[in-house]
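Chemist: Right, I'll just put the structure down here and ask away after.
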Amino acid sequence: MPIPLPRLDPDPRPQPPEAPLPSDCCDSGCDPCVNDTYAEALAHYRQTLAAWLARHPDAHR
């Protein structure tokens, strides 16, 4: 008898980006800075989370 495969969630909750460590920024003005990249990823995460929460109104924040 075959083992059933786990079902993948077709609409998983978005996961936040991993914040850079303080030591990840060299403070030399890199373009883009890891902090800038993180800020953009965090803004995108917040938008996708808001859309996901609208689709899943019973989900806990």
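The values are calculated or read from the model by the stated rules, or taken from the named source; none is laboratory data. The structure displayed is predicted, hence computed values, not measured ones. For neighbour counting, all protein chains shown are included, and Cβ atoms are generated from backbone atoms with ideal geometry for every residue, glycine included. For the accessible areas, the whole protein counts, side chains as well, though only heavy atoms, and no ligand, DNA or RNA atoms are used. Shrake-Rupley method; radii C 1.70, N 1.55, O 1.52, S 1.80 Å.
Chemist: Using just the helices of the chain, give the 222 nm mean residue ellipticity in deg cm²/dmol: DSSP H runs with n ≥ 4 each add -39,500 (n - 2.57), and the total is spread over all residues, rounded to 500.
Modeler: It comes out at -12500 deg cm²/dmol, rounded to the nearest 500.
Chemist: Using a 1.4 Å probe over the heavy atoms of the protein chains, calculate the carbon and sulfur portion of the accessible area of the chain as a whole percent.
Modeler: 58 percent
Chemist: Follow-up. Taking the Cβ of TYR38 as the center, what net charge do the other residues with Cβ under 10 Å away carry, scoring Lys and Arg +1 and Asp and Glu -1? Display every interim value, and only then the final one.
Modeler: On the way: positive: none; negative: GLU18, ASP24, ASP36, GLU40.
The answer is -4.
Chemist: Right, here's the next one. With θ set to phi - 60° and the Karplus curve 6.51 cos²θ - 1.76 cosθ + 1.60, what are the ³J(HN,Hα) couplings of the stretch 4-19 in order, to the nearest whole Hz, using x for Gly and Pro?
Modeler: Karplus values, whole Hz, x for Gly and Pro: x, 7, x, 7, 7, 5, x, 9, x, 5, x, 9, x, x, 7, 6.
Chemist: Residue farthest toward the positive end of the dipole of the chain, with Cβ of Lys/Arg at +1 and Asp/Glu at -1: which of PRO2, GLN47, PRO57?
Modeler: PRO2
Chemist: In square angstrom, what is the accessible area per residue of the chain with a 1.4 angstrom probe?
Modeler: On the way: 5560 Å² over 61 residues.
Each residue of the chain exposes 91 Å² on average to a 1.4 Å probe.
Chemist: Collect residues whose amide H, placed 1.01 Å from N in the peptide plane, falls under 5 Å from the amide H of CYS25; neighbours closer than 5 in sequence don't count.
Modeler: Amide H neighbours of CYS25, under 5 Å, 5+ apart: none.
Chemist: Dipole magnitude of the chain about its Cα centre, charges +1 at Lys/Arg Cβ and -1 at Asp/Glu Cβ only, in debye to the nearest 20?
Modeler: 460 debye
Chemist: For helix 34-55, report the angle its Cα long axis makes with the longest principal axis of the Cα atoms of the chain; keep it between 0 and 90° and round to the nearest 10°.
Modeler: Compared with the principal axis, the helix lies near 30 degrees.
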